[in-house]
Each structure stands twice: as C-alpha cells, then as structure tokens.
Amino acid sequence: MHLTDRDKRRVADRIRVVKEPAGPDRPAERDPAVVATVSEMLARIEREGMPAVLDYAARLDGFTGTDLRVPEAELARAADQVPAPVRAALDTGAERTKRFAAMQRARLQDFEDEVVPGVVCGQRFVPVQNVGAYLPAGRFPLLASAFMTVGVARVAGVPNVVTCTPPSLNGRPHPAVLYAALVSGAEAVYAVGGVQALAAMAFGLLDGEPADMLVGAGNAYVAEAKRQLYGRVGIDVLAGPSEVAVLADDTADAAVVAADLLAQAEHGPTSPACLITTSERLAAEVPVEVDRQLAGLATREIAGAAWRDHGSVYLAADRETAAAAMDLLAPEHLEVLAEDLDWWLGALHNYGSLFLGTWSTVVYADKGMSGTNHVLPTARGAKFTGGLSVAGFLKQLTYQRATREATRTQAEPTVAVSDFEALVGHRDSAQIRLDMIGADDSSSMHAYEQLAR
C-alpha cells in the first residue's frame, strides 16, 4: 500500500517520499499452487461429501472423531476456561457491535409509494436465510470476529447461522473463540477449519442447509476458497493482509503514530502501514520512533518485517495533497491525527473505516469496542465498496403493483420502445394488456402525453 509513480503524478508531485517499499504497489498475486489445491479440495468435497471433509479435517486440522459439531457441554464449559476480565470484555464488544448494527438496521427502511397514479412501487429489506460464518484461529485467536459475523447476522434477522472454527488448542477449538461465538448468538459451532470448513458450509454438509452467504477472514486458502465459491454463494469481501494508514499534522504525537502503525503491522509480515503527514517533524521522528518501539515489542519479528518490507512515509505539501494521496491509496483502516477533523471527514472518500482524532484508534474497532464492523475491503477495494455491515446480510428487494387504470401510462411507451428495439415478445406482453382494456385512441394519447410531461 504505497503510491505508484502514476499516483504521484496525480497529486502533482507535491509529495515527498521519506520511506516506501521497492517495486510496484499491487494486490498480492494469487499463488497458482494455492488456486490448484483449493480447486481440487472443493471438487472432491462436492463429489464425496462429508467423508472428504473429515479426511481433510484429520490431515489438516488434526481433528479426531466423526462428529464435527462442538458438544453443547464443551460450549457451556468455554466460559469457565476464559479469564473473567476477558469474558467481561467479550461481553462488552459483542453488545456494542450488535448495538451499532441495530442502529444501522433501524435506518434501513421498507417503503412503498405511488410513482404515477395507479402504479405503486416499494422496497423491502429481507435477510439472507442461511449464513456460514468462519471464525479464524491461526497465529492469534481473533476473538472479535464472531461479533462482526455471527452477531451482526443475528441483528439482521438471519434465521440460520452455521459457525465454523478450526481446532487450534490441543486439537479442540479455542475456548475464548467459542465463548465469543456464544455471546454473539451462535447456536451451533463446528470444529473444522480452512477450505474444508467453507466447502462444508457452502454445500450444506453440516446442518443440511447450503449456505447462501459465507463470511469471515482467513488465510490464503480460505480467501481463495471464497473466491472460487463466489457466485454459488455470496461473500463479504475478498480481504488481503490488514492495512493501516495515518494522516497526521504537526499536532500529532510521534509515539502515538508509531504505536498505531505497529498495532496493525503485527497482524502479519505482509501487512502494510502508511503515514502521510504535512509535518516535517513527524516525517523525521516517526521512523525513528517505530524502530524504538519495535525493539521492545514481543511481536517485533512480525511487525518489524511488515514495517521493513511494506511500510511507507510521505511528506505532503498541504492537507489537500495529503487527502488526495490518501484517497488514491484507499486504505482498509484510516486514522486522522490532526486538527479540524470535520474538514478531513468531508475531504476523504475512500477508506474501509475512518478513525477521527487522537482518542480514536483502529484497535478499538479490532476488538469490537467501538461497535463498527472490522470486516473491511483491502487492496484499494474501498474505492468501490464498503465493509461488512448489517446491510450486507439484507437483500434490498423491490416490488410493484399496478391498477387497470394505470395500464396505458406504462404499456403504450413500452410498446413504442419495444417496437423500436424489435423485441416483439416485450411488445406483445404490453399490447395484450392494452387489448384487454380496449383501444381508446384519444384517452391513450392523453395518458401518454401526461406521462411525457
């Protein structure tokens, strides 16, 4: 996530490079080996069903047994295995995420209204019926994932949510992941991960109901499985490595900027972190401060590699240039540590989620404490889409009904256009209704002229 030569020309070279990775900035290329492996796994699971899932679960997850569903007794014990302060924090995050989703849902309104006399159109927000939620548990158990997927789906009114998480602790699901799923509204959790989990949900091998939509982050194999299953099922986003960008002026503190960059860099060694600043002081101080903080960071091998290979710092001539450059990057997470936050809010257009001011930070949303969803577009996807929200689990469906008296206002112009297009079937579908009400040239012409106005 850094500016290309073309990007720099678009901001009229009013930006100076302090640090940036070598080579072009482009989304991670699909590994042909990953693509082939996922294709083979999906085909086999669709062909063989649950025996193939169990075989992959044994070989890849270390699962033993024949029933992937986590027993209710194990779910019930999960709370006892999670420290009380963590349980309280998970309760808080789940509740806040659902509260914000409910606020969004309340503002998505069904309606119907008359377009022209006798023609009523409307819209309804109808929830997806079957959702498969994947809860990752790889290098670190990302506990808030359940809030964003299971919890928000429940607020949307999805009646059936199937939840999968890989065995990650002594061959069993992590108890804190199970507890987060429970407080988010999960009714059944299956101990299976990776491609086999997504395939099992998509093909309806777990509860007999094929998923209409798959959500949740994962590794390259999970992302590729979602890509290949898309079209057969809906998905949230095709997310790459976590991204963070910071816009800062001279009022920002270098230590805060550095800490916020490293917080996201520790997600993985390919996670980009970018600073665009209008302050020469910050441009000089932040790289030094990052190195200082890295020295004492337990995850420095991960965060250090991310910063070394994918970190960037730019000095912009003014805030207008900084905002324009950031819109080109379209980062997943964007912090603004600057004065006049309302100006920045109005000036910025491309980001997954925006964090305004020193007292907002990406990590609050990462853990579900702010309430917004952290399933967000990466690799400049924020130029054309937002992240997962309650709206993502709702279909915006339209309907219409018309009276006999409204026939001419719709049918006559339809006949005219269909004749011009030579689509006689379309013409006949409209004309037969005109014939049913009887030809009345004068009234027809009057209705058509009224419509034209």
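The values are calculated or read from the model by the stated rules, or taken from the named source; none is laboratory data. Keep in mind the model is a prediction, meaning the values are calculated, not measured. Cβ: placed from backbone, ideal geometry, glycine included. Neighbour counts: every protein chain shown.
The table below lists the values:
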quantity	calculated
Candidates 261, 206, 247, 182, filtered to the one that is in contact (Cβ under 8 Å) with a residue 24 or more places away in the chain, farther than 30 Å from residue 18 by Cβ, surrounded by 19 or more Cβ atoms within 10 Å (Cβ to Cβ) and touching a strand residue (DSSP E or B) at 6+ places or on another chain (Cβ under 6 Å)	206
Which listed residue, of 298, 217, is closer than 30 Å to residue 60 by Cα, without any contact (Cβ under 8 Å) to a residue 40 or more places away in the chain and in a loop (DSSP other than H, G, I, E, B)	298
Leading residue by the ranking (farthest from residue 165 (Cα to Cα)) among those in segment 231-242 that are assigned to a strand (DSSP E or B) and under 14 Å from the mean Cα position of the chain (by Cα)	234
Candidates 156, 102, 89, 106, filtered to the one that is farther than 21 Å from residue 239 by Cα, aliphatic (A, V, I, L, M) and under 16 Å from the mean Cα position of the chain (by Cα)	156
Looking only at segment 303-354, and only at residues there that are under 23 Å from the mean Cα position of the chain (by Cα), of a type in the set (A, V, I, L, M, F, W, C) and outside any helix (DSSP H, G or I), the one that is farthest from residue 247 (Cα to Cα)	330
Some residue of segment 8-29 being at pLDDT below 90, over 23 Å from the mean Cα position of the chain (by Cα), buried (at least 16 other Cβ atoms within 10 Å of the Cβ) and not in a loop (DSSP other than H, G, I, E, B)	yes
Selected residue (criterion: surrounded by the fewest Cβ atoms within 10 Å (Cβ to Cβ)) from residues of segment 185-202 that are out of contact with any Phe, Trp or Tyr (no Cβ under 8 Å at 6 or more places or on another chain) and assigned to a helix (DSSP H, G or I)	202
Qualifying residue in segment 56-64 (condition: more than 29 Å from residue 155 (Cα to Cα), in contact (Cβ under 8 Å) with a residue 24 or more places away in the chain and loosely packed, with under 14 Cβ neighbours inside 10 Å)	yes
Any hit, segment 37-55, residues being touching a residue at least 60 places away in the same chain (Cβ under 8 Å) and either farther than 26 Å from residue 206 by Cβ or loosely packed, with under 14 Cβ neighbours inside 10 Å (or both)	no
